[in-house]
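The values are calculated or read from the model by the stated rules, or taken from the named source; none is laboratory data. In this text the structure is predicted, and so the values were computed from the model without any measurement. Positions of Cβ are backbone-derived with ideal geometry, glycine not excepted, and every protein chain shown enters the neighbour counts. Just so you know, the surface numbers come from the protein's heavy atoms only, side chains and all, with ligands and any DNA or RNA stripped out. Shrake-Rupley method; radii C 1.70, N 1.55, O 1.52, S 1.80 Å.
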Amino acid sequence: MITLSSDFGSPYPAAMKGVILQQSEARLVDVSHEFPRQDVRAAAFWLREVLPHFPPAVHLVVVDPGVGTDRKALAVRAGDHAIVAPDNGVALPAAHSLADDIEVFELDAENPASATFHGRDVFAPWAATIHDAGLDTLADIDGVTPTDDYAIERFPDPVLNAGSAEGEVLVVDDFGNVITNIPGHVLADKDMLRVGDLQVPVGHTFAAVGIGAKVVTVGSHGNVELAVNRGRGDEVFSLDPGDRVELSW
């Protein structure tokens with residue numbers, strides 16, 4: 001199996017699939033091609049949450065604002081999985097969620113046909129090659145070199161105090177739910193708290209409040225979410241990725 005993830009929208013993913021299918025009979029599964037454009041941190045977050053639910057696979061990830069520069073192409077082996085991606089940190093959070101120990105390899109990416117579409121010309125061929133060769137032989141494939149020099153995407157740490165938590169918006173999902181880096185356990189035994197100057201109820205579900213009402217809850221990822229039942233939390237709370245969030249009680 002090869003999964004595909006990108007910020008390409010359409011039709012560019014089809015070209016990557018075509019290249020893979022010329023080399024391999026692997027089953028192809030799309031994760032998403034609608035990651036926020038050129039947002040490495042958002043893609044890293046979602047991949048960390050999604051990829052552990054897959055059986056062993058090669059995961060092709062192309063969110064690559066540095067395409068055409070001297071950033072490297074990598075394959076990251078994590079247990080029974082491999083992630084093929086640009087060297088901008090996008091692969092590492094997911095890799096560490098897949099296995100305790102990882103190995104990172106640089107891939108030969110010289111002389112691609114295009115300077116602007118390495119998803120097609122570099123990463124897709126490598127994903128097919130690694131899939132068909134097998135992870136046990138990854139280090140022996142021509143053009144694959146072990147490396148310990150690679151970028152790491154790190155999520156910011158929240159500040160937790162006795163009566164407050166200060167954090168940051170990591171991502172906003174398609175429903176408008178504002179996902180923070182604040183761990184969900186801070187909501188334990190609380191019925192109400194302040195989000196900035198707003199008094200907001202704590203609920204176990206979005207429907208714990210009336211339609212159009214604000215709620216603070218814990219998402220499936222285990223972090224605090226700011227939401228609106230059947231509405232958009234990002235608009236009501238006026239928050240975007242990277243914004244500071246303060247909860248107090």
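Taking label positions 7 Å along the Cα-Cβ direction at both Ala162 and Glu110, the computed distance is 6.3 nm, reported to one decimal. Less than 5 angstrom separates the built amide H of Lys72 from those of Asp87, all sequence-distant by 5 or more or on a different chain.
Spin-label pair Val29-His96: with each label point 7 Å from Cα along the Cα-Cβ axis, the two points sit 2.4 nm from one another.
State the extension gain, in nm to one decimal, for the chain segment bounded by Ala14 and His204, taking 0.36 nm per residue of separation less the distance between their alpha-carbons. Mind dumping the intermediate values first?
Details: separation 190, 0.36 × 190 = 68.40 nm, distance 3.98 nm.
Gain in length upon complete extension: 64.4 nm.
When the GluC sites (Glu not before Pro) in segment 89-130 are filtered for DSSP coil states and for at most 12 other beta-carbon atoms within 10 Å of their beta-carbon, the remaining sites are Glu110. Site pair Trp249 and Arg230 shows an inter-label distance of 2.8 nm when each label is modelled 7 Å from Cα along Cα→Cβ.
Build a GNM of the chain with springs between Cα atoms under 10 Å: which of Asn88, Asn161, Asn229 gets the top mean-square fluctuation? Comparing Asn88, Asn161, Asn229 in the GNM, the peak value goes to Asn161. Each of Ala207, Val195, Val169 was placed along the dipole of segment 165-214 (beta-carbon charges, centred on the mean Cα), and the one lying farthest toward the positive end is Ala207. Segment 219-246 and segment 169-201 have Cα centres separated by 6 Å.
Overall form of segment 15-54: oblate. Here a/c, set by the Cα gyration tensor axes a ≥ b ≥ c, is 1.5 or more, and a/b is not larger than b/c. For Leu21 and Phe54, what does the FRET efficiency come to when R0 = 25 Å and r is the distance between their Cβ atoms, rounded to the nearest 0.05? Efficiency computed from Cβ-Cβ geometry: 0.80.
How large a share of the accessible area of segment 126-178, in percent, is made up of carbon and sulfur atoms when the probe is 1.4 Å and the other protein chains stay in place? Write down the numbers at each step before the final one.
Details: 1300 of 2900 Å².
Heavy-atom surface of segment 126-178 belonging to carbon and sulfur, 1.4 Å probe: 45 percent.
Using only the C-alpha atoms, the convex hull of segment 128-180 corresponds to 182 Å³ per residue. The share of alpha-carbon pairs in the chain lying farther apart than 26 Å comes to 44%. The trypsin sites (Lys or Arg not before Pro) of segment 35-88 meeting both criteria, a DSSP state outside H, G, I, E and B (loop) and at most 16 other C-beta atoms within 10 angstrom of the site's C-beta, are Arg37.
For GluC sites (Glu not before Pro), the sites in segment 6-66 that DSSP calls loop and that have at most 16 other Cβ atoms within 10 Å are Glu25, Glu34. Between Ala162, Ala213, Ala14, the GNM of the chain built on Cα springs shorter than 10 angstrom shows Ala162 fluctuating the most. What the Cα atoms of segment 96-187 give is an Rg and a Dmax of 19.7, 57 Å. Between Ala151, Ala133, Ala188, the Gaussian network model of the chain with springs among Cα atoms under 10 angstrom shows the greatest mean-square fluctuation at Ala188.
With the other protein chains left in place, how much accessible area per residue, in square angstrom, belongs to the chain at a 1.4 angstrom probe? The partial results should precede the final answer.
Working: 11830 Å² over 249 residues.
Accessible surface, normalised per residue, equals 47 Å².
Considering only the other residues whose Cβ falls under 15 Å of the Cβ of Tyr12, what net charge follows from Lys and Arg at +1 and Asp and Glu at -1?
-2
Rounded if a/c is under 1.5, else prolate if a/b beats b/c, else oblate: with a ≥ b ≥ c from the C-alpha gyration tensor eigenvalues square-rooted, which is segment 191-247? Rounded.
Of the accessible area of segment 35-85, computed with a 1.4 Å probe over protein heavy atoms only, carbon and sulfur atoms account for 52 percent. Taken along its three principal axes, the alpha carbon spread of segment 1-123 comes to 36, 30, 27 Å, from the longest extent down to the shortest.
In the chain, what % of DSSP beta bridges are antiparallel (nearest 5)? Please list the in-between numbers first.
Numbers: 40 of 53 bridges.
The antiparallel fraction comes to roughly 75 percent.
In this structure, the amide hydrogen of Asn229, modeled 1.01 Å from its nitrogen in the peptide plane, lies closer than 5 angstrom to those of Gly212, Ala213, Val215, counting only residues at least 5 positions away or on a different chain.
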